[in-house]
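Before any comments, here is the structure.
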Amino acid sequence: MFDYHVVVLGGGLAYTGVELLRRAGLKVAIVERESGHLGGVCLHEGCIPTKLYLFEVRKLFDLNNSPLIECKPKLNLRALKEKKDKLTKRLRDDIERLLKGVDFIYGYGELVEPNVVQVEGKRISGKYIIINTGKSYPQKPNGDDLLQLQELPQKLILVGDDPIALEFATLFALLGTPVELCFDFKVLGFVNPSIRERLLKVLKGLGISLLDLRDFKGGDAYFLYRRKPNSQCINVELSLDEKGHILVDKNYETSVKDHYAVGDVNGLSETAQAARLQALSVARRITQGKGFYLSPHKVPYVLYTQPLSYAKVGFTKIELEEKGIEHSERSLPLRPFAVGSMYHTEEGMLFLYFDKKGFFLGGEVFCRDAQEVLSGLVLSLHGELTLEFMSRAPLPHPTLSELPFLRL
């Protein structure tokens, strides 16, 4: 009756669920608009290339700020772009090898009726449809174009409300480019005020000129407004929110039976880790009859600014206050700790929040490699650990990962 058991519209991180479907013996097709874009935004314009750039620039920062190194190196942007291109190609090829036996159909795909996807005039059907079309920047030039630069600009103007603009600002500032950031700072309203103040201080310390988004007067700029959901290819009456996200239930099923939406296009949590787990949940539901639901507030969020970054999981201080949730707070400045000096993160700080019974509600971290520090807190939240249990965890010393568990 159907051409495939499952048709996946969009070649992003849903491939993690496709691997489970393939192992279960189901016939699966992935429809992707461009043959060179398998792996989606995360692999080609998002998580992987941007963090490669940021981590390489952080190495440069460390070398140039070390009193022990006399020679001060420079970064070859052209060579870095070549490294990025080789890495994304290798990872894309790895995905194709991982999914051997899955049909890849390249071309613009549209859901034209329930269970039917049309690709360049050809119709294919699936018992189950997984929509994984992601999001795109609404305006050019944007962050995708920044990753194509082979020479440093004389000056860089960044405009928008996407937090990744802060990452690009620190990246190019550390490379020596004068940066003007016209940003909607209200999007940082969920961040602990003490951390927000320290973050802005770090940005100014890098020489970044901070302006309100409304103060942008025009000129050559890169526009980093929040990406918009790619739901225009859906010609079936699925329920959408006012921004165009596809509404789903706790099984990630849309308003049409056996049609699922995972990743950025459903708007629940715009992170790669959420997209991966949502796809895995849907695959388990299809193959085993039951998936799982990932509460958005339990998905870790990281802002990879350099040299210090921000990460959070669970509720932040602001969110707890807005929800009226009674809580206690543990704060920790990193300057007094040897590990703070060893890792050049003396300006760092972290905050942990607990309910009346001592159960962990959430944490915010601002320090070097905050994403690594956060991992223990993610497990603490999902494991529903208490303050007492966390205080007895014997973590390796001296490490950044132990920081949240000191002096509880």
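The values are calculated or read from the model by the stated rules, or taken from the named source; none is laboratory data. Nothing here was measured: the structure is a model prediction, and the numbers come from that model. Cβ atoms come from the backbone with ideal geometry, glycine included; neighbour counts cover every protein chain shown.
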Looking only at residues that are outside any helix (DSSP H, G or I), closer than 29 Å to residue 370 by Cα and small (Gly, Ala, Ser) in segment 1-19, which one is nearest to the chain's Cα centre (by Cα)? 12
Search segment 58-76 for residues being in a helix (DSSP H, G or I) and of a type outside the set (A, V, I, L, M), and hand back the single one that is farthest from the chain's Cα centre (by Cα). 64
Taking the criterion of being assigned by TED's automatic domain parsing to the domain that holds residue 41, basic (Lys, Arg) and within 23 Å of the chain's Cα centre (by Cα), would at least one residue in segment 234-251 satisfy it? yes
Qualifying positions in segment 341-374 - within 21 Å of residue 302 (Cβ to Cβ), in a helix (DSSP H, G or I) and without any contact (Cβ under 8 Å) to a residue 60 or more places away in the chain: 372
Select from segment 20-57 the residues that are outside any helix (DSSP H, G or I) and of a type in the set (D, E, K, R) and write down the one among them that is surrounded by the fewest Cβ atoms within 10 Å (Cβ to Cβ). 34
Of the residues in segment 309-339, how many are part of a loop (DSSP other than H, G, I, E, B) and either in the same structural domain as residue 194 (by TED's automatic domain parsing) or among the small types (Gly, Ala, Ser) (or both)? 1
One residue is enough: does segment 38-51 have a residue meeting the conditions free of Cβ contacts under 8 Å to residues at least 40 places away in the same chain and outside the structural domain of residue 163 (by TED's automatic domain parsing)? no
If you check residue 269 against the conditions, is it of a type in the set (S, T, N, Q), in a loop (DSSP other than H, G, I, E, B) and surrounded by 20 or more Cβ atoms within 10 Å (Cβ to Cβ)? yes
Say whether the condition of being of a type in the set (Asp, Glu), assigned to a loop (DSSP other than H, G, I, E, B) and surrounded by 15 or more Cβ atoms within 10 Å (Cβ to Cβ) is met by at least one residue in segment 115-127. no
Looking only at segment 214-249, count how many residues are of a type in the set (Gly, Ala, Ser) and over 23 Å from residue 33 (Cβ atoms). 4
Residue 54, sole failed condition from (1) on the phi > 0 side of the Ramachandran plot; (2) touching a Phe, Trp or Tyr at 6+ places or on another chain (Cβ under 6 Å): (1)
Scan segment 241-252 residue by residue and report those that are in contact (Cβ under 8 Å) with a residue 24 or more places away in the chain and not hydrophobic (A, V, I, L, M, F, W, C). 241, 243, 250, 251, 252
Got a sec? Which of 265, 256 is of a type in the set (Val, Ile, Thr) and over 17 Å from residue 162 (Cβ atoms)? 256
Cβ contacts < 8 Å: first residue over 20 Å from residue 295 (Cα atoms), restricted to segment 313-332; second residue in a helix (DSSP H, G or I) and of a type in the set (Lys, Arg), any location; separation 6+ or different chain. Result? 329/317
Only one of 77, 68 is exposed (fewer than 14 other Cβ atoms within 10 Å of the Cβ) and either closer than 30 Å to residue 343 by Cα or not acidic (Asp, Glu) (or both); which? 68
Of everything in segment 128-161 that's of a type in the set (S, T, N, Q) and within 21 Å of the chain's Cα centre (by Cα), which residue is surrounded by the fewest Cβ atoms within 10 Å (Cβ to Cβ)? 148
Residues 120, 113: which one is charged (D, E, K, R) and either within 30 Å of residue 349 (Cα to Cα) or modelled with pLDDT under 95 (or both)? 120
